[in-house]
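K.L.:
Take this structure first; my questions come after.
The values are calculated or read from the model by the stated rules, or taken from the named source; none is laboratory data. Quantities reported herein were computed from a predicted structural model and do not represent experimental measurements. Cβ placement follows ideal geometry from the backbone for every residue including glycine, while neighbour counts extend to all protein chains displayed.
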Amino acid sequence: MKKENSIILFNQKKVRRHWDDNKEQWYFSIVDVVAILTDSSNPRRYWSDLKTKLKQEGSEVYEKIVQLKMSAPDGKQRLWCQSLNCELHYKVQRK
């Protein structure tokens, strides 16, 4: 089965994701996950502030984040912060 970029639903909210064939691994949009986990009115700002805090603390979570092009709400491809796996999302949630 060929996997592609897609959107999944979690708690009735969209989460963008990308499949990496080489690593056989899903990458999920952190901004989408932050929006779901925090109910923040501005998840992009929440993530930006959290990233700064993680970097200052020397967190390993910050070092494992990659950027990939994903579809923005307007349909254009833009760079978005992504996470390697669900374990990192758990660590972000606990911060």
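K.L.:
List the residue pairs whose Cβ atoms are under 9 Å apart, where the first residue sits in region 52-71 and is over 13 Å from Ile30 (Cα atoms), the second is of a type in the set (Gly, Ala, Ser), and the two are 6 or more positions apart or on different chains.
P.N.:
Lys53/Ser59
K.L.:
For region 13-80, please list each of the helices (runs of 4 or more DSSP H) lying entirely inside it that holds at least 2 residues being among the charged types (D, E, K, R).
P.N.:
Details: elements: 30-38, 43-57, 60-63.
Because the criterion is at least 2 residues that are among the charged types (D, E, K, R), the helices (runs of 4 or more DSSP H) in region 13-80 that meet it are 43-57, 60-63.
K.L.:
Can you find, within region 1-51, the residue that is surrounded by the fewest Cβ atoms within 10 Å (Cβ to Cβ) among those that are among the aromatic types (Phe, Trp, Tyr) and under 21 Å from Lys76 (Cβ atoms)?
P.N.:
Start the filter on region 1-51 by keeping residues that are among the aromatic types (Phe, Trp, Tyr), which leaves 10, 19, 26-28, 46-47.
Checking which are under 21 Å from Lys76 (Cβ atoms) leaves us with 19, 27-28, 47.
Numbers: Trp19: 14, Tyr27: 23, Phe28: 22, Trp47: 23.
Among residues in region 1-51 that are among the aromatic types (Phe, Trp, Tyr) and under 21 Å from Lys76 (Cβ atoms), the one surrounded by the fewest Cβ atoms within 10 Å (Cβ to Cβ) is Trp19.
K.L.:
Give me a count of the residues in region 21-48 that are in contact with a strand residue (DSSP E or B) (Cβ under 6 Å, 6 or more places away or on another chain) and in contact (Cβ under 8 Å) with a residue 40 or more places away in the chain.
P.N.:
5
K.L.:
Considering only residues that are among the basic types (Lys, Arg) and at pLDDT 85 or above, which ones fall in region 18-55?
P.N.:
Hits for region 18-55 are Arg44, Arg45, Lys53.
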